[in-house]
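Read through the structure below, which is laid out as structure tokens, and then see the notes.
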Amino acid sequence: MSAGRFLPLAGALALAVLGFFLPRLLGGSTLVYDTLVVIAIFSAMSYGLDIVLSDLGEISLAHTAFFATGAYAAAILTVSYGQSAWVAMAAAILASLALALALGLITLRTREFAFSLVTYAAAIVCMNVASNWDFLGGSDGIVGVPPLDLSIGPITLTAGQSFEFWPYAYALLLLTIYFVYRFRRSSLGQAALMVHMNPRLATMCGLDGNRVRLQVFLVSAPISALAGWLYAFQRSYVGTDLFDTYFLVLMLTSVIIAGRGLLLGPLMGTALLMSQKSFASLGAYGDKLVLGAILVAALCYSPRGLAALWPRMRRGPL
Amino acid sequence: MITRRSAIGALAAFSMLPRAAFGADAVKVGVTIPLSGGAGRQGQDVVNAIKAMASLINADGGVMGRPIELLVRDDESTPAIGIAKANDLISSGVAVVLEGWNSPVTLATQSVLARANVLDITMISKADAILASASNPLAVRLNSANAQDAAVIAQYLASKMKSGRVVFVTENDAYGNGAQKGIEAEFKKNNLNYTIAASLKFPFSQTDFRIETTSIRAAKPDVVISINANEGAGLPAFLQQYAQANIGAPVVCSVGTVSPSVVEAAGPAANGLTSADIYFPQAQPYASNPVNQRFVAEMQKQFKVLPDKFGALGAASLQIWAKAAAKVKSFDRKAVAGAIRGQEIQGTIFGDVRFDPHGQMSHHYNIFTVKDGKIDILGG
């Protein structure tokens, strides 16, 4: 392996190992572990949207539905049917794919504003179904999701407390980042970018735009669903709040604030938002003002996200 | 007006006083409740009531000689934030968490607290699932349950009419749907020949009810049952818009949703509504209860207000936990819960109270109406 490829790989591995010990480096309290666990889970959730938003150029407002699908799959299968977390994981992926296929076939005929509106409507429909269908717990939701148990034979892999969840949440985050990294270098990732940037050229190259869009939608849904699957075990309760604007705004802001298309963008955005909320909160009103101000400033002065400021700062004032 | 900053400042100052006075390590008590948004004002009132009760307990020597230090967090009526705040309190080493305005937030936080072996006492959230959850087998709740409330509303309606058209205007969540389901079940149980002319669902945060009032008019009801726990904004808005629509059918509000702040905010539009509640500071049997008198006096001394039901539930939560901990001489979750569940606790704001084996406190209800902007108690 050449030094040009080895050094970035070694750097990434070192960063990944260091990241695992981050909770301990930050004091190891329950609050630190809990914050980092939800940063990892919510980042993974946001990566699902990031693929559609950054690579396909569409703003999907239905990704809360995929996130909730993963959580509901985990809750129903473990609470109502006593199945293992592995079975629930498989179900979360399959259910999100089925939902994405159904939504994709309908929504991907539309573009831009219409696409966003239709996906939002789909999420609202999903929320109302969940609120009023007893099988999904109705408006009470599903309580009593057991601690995570991924044990295989003699190997015990369980998590109940935040510090026990950290390895699983961190693993999910790393796998998600690696998956997105590989996706962007795959033929589908390249095709998505071409369909987004230059649809005519894509057609001339023989790409079926609608097919590519559907494939990307199908790739993105299980990512958010897996985040929902783990979140269900972490908080032990699944309810219709998972469809709420809280998660939608968090996803959108996380993707946009650091910079669309950046590999670590959703992670940086989620970390910024959740850390401020946990460690430097100014109260509900203050937090919203800070978030709003940062978002407005970022979009006005650095439309490509806060990360784009870095090279500008290095160049100095123009 | 009590701002968030002044409340936090007063709380910080208050929490420092007992340390100096007792010279013993304070026992930390966590509180999670909305301090912002639609229920923010009521949440602030609950916190004030808990502070008043903490003052009284500390003045009496604290809990097992240790003063109470309150750690208050805003759950923003959002389950995900409620969980984060619960974890923050767990990190801070609290002995108990008094929580719960919104049922979904309670349902989300109770398992997190149970896993960390921290006792949680639900002050206000009403969903029946709160006490039925396998994830928190030591649950304790003070506010009345949906099923208890439903029987009261059904009995009141039965005393007024044997048949007729009923419209439900119900918030679409764990509390609202549970309450409506309970009332409908009571109708059937009591063989009341009511027709559900319309069942209108709305999200908790809704404040514009013009579409609902149009639907109510079309349904030609004999009575409208409002199930709306958004007392800061939603219920006053509904009452005002319903009064403006001049439909005429009387409004019955679900138990415990009409606090004095609702009557104040709704103004003349609140006149004529009927509801029921479990606590009135100046009505019997509370008015003659010396423990309640002392609490009411402390509230007036510190905050110059009469406590409402929510404040009383918050204060009683702290009081009952302190009594139970003192009785078993321990802050252990299981021991304290065991001293509450299925037991009678004497000398509380609500008098001598009994908890059933599932952790639900029993209550005495009063039916009331609103007349000339004032709550007029019709009877128990």
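The values are calculated or read from the model by the stated rules, or taken from the named source; none is laboratory data. Everything quoted here is computed from the prediction, not taken from an experiment. Reconstructed Cβ throughout: ideal geometry from the backbone, glycine too, with neighbour counts over all protein chains shown. Calculation scope for accessible area: heavy atoms of the full protein, side chains included, ligands and nucleic acids excluded. Shrake-Rupley method; radii C 1.70, N 1.55, O 1.52, S 1.80 Å.
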Practice task
Considering every residue within region A:154-163, establish whether at least one is in a helix (DSSP H, G or I) and within 14 Å of another protein chain (Cβ to nearest Cβ).
Solution key: yes
Problem - Verdict on A:S162 being open to solvent by less than 40 Å² (accessible area, probe 1.4 Å), within 24 Å of the chain's Cα centre (by Cα) and more than 29 Å from A:G19 (Cα to Cα) - result: no
Exercise for the section: Kindly check whether there is at least one residue in region A:276-288 that is farther than 27 Å from A:Y72 by Cα, modelled with pLDDT of 85 or more and within 21 Å of the chain's Cα centre (by Cα). Expected result: yes
Handout entry: The one condition in (1) at pLDDT 80 or above; (2) surrounded by 12 or more Cβ atoms within 10 Å (Cβ to Cβ); (3) over 30 Å from B:P34 (Cβ atoms) that A:G305 fails to fulfil
Key = (1)
Problem - Any chance B:S77 is on the phi < 0 side of the Ramachandran plot and at pLDDT below 90 - result: no
Practice task
With the condition kept exactly as written, say whether any residue in region B:38-61 is assigned to a loop (DSSP other than H, G, I, E, B) and crowded, with 23+ Cβ neighbours inside 10 Å.
Solution key: yes
Completion exercise
When every residue in region B:179-208 that is out of contact with any helix residue (DSSP H, G or I) (no Cβ under 6 Å at 6 or more places or on another chain) and of a type in the set (D, E) is compared, the one modelled with the lowest pLDDT is B:E184
Problem - Residue in region A:114-128 that is within 24 Å of B:Q110 (Cβ to Cβ), within 13 Å of chain B (Cβ to nearest Cβ) and open to solvent by 30 Å² or more (accessible area, probe 1.4 Å) present - result: yes
Exercise for the section: Can you give me the number of residues within region B:87-121 that are buried (at least 24 other Cβ atoms within 10 Å of the Cβ) and either within 8 Å of another protein chain (Cβ to nearest Cβ) or not acidic (D, E) (or both)? Expected result: 22
Completion exercise
Sole miss for A:Y178 among (1) touching a residue at least 24 places away in the same chain (Cβ under 8 Å); (2) loosely packed, with under 14 Cβ neighbours inside 10 Å is condition (1)
Problem - Counted residues, region A:233-279 - those being within 11 Å of another protein chain (Cβ to nearest Cβ), of a type in the set (A, V, I, L, M, F, W, C) and touching a Phe, Trp or Tyr at 6+ places or on another chain (Cβ under 7 Å) - result: 5
Exercise for the section: Assess whether A:S43 counts as being in contact with a Pro (Cβ under 8 Å, 6 or more places away or on another chain), more than 14 Å from chain B (Cβ to nearest Cβ) and surrounded by 24 or more Cβ atoms within 10 Å (Cβ to Cβ). Expected result: yes
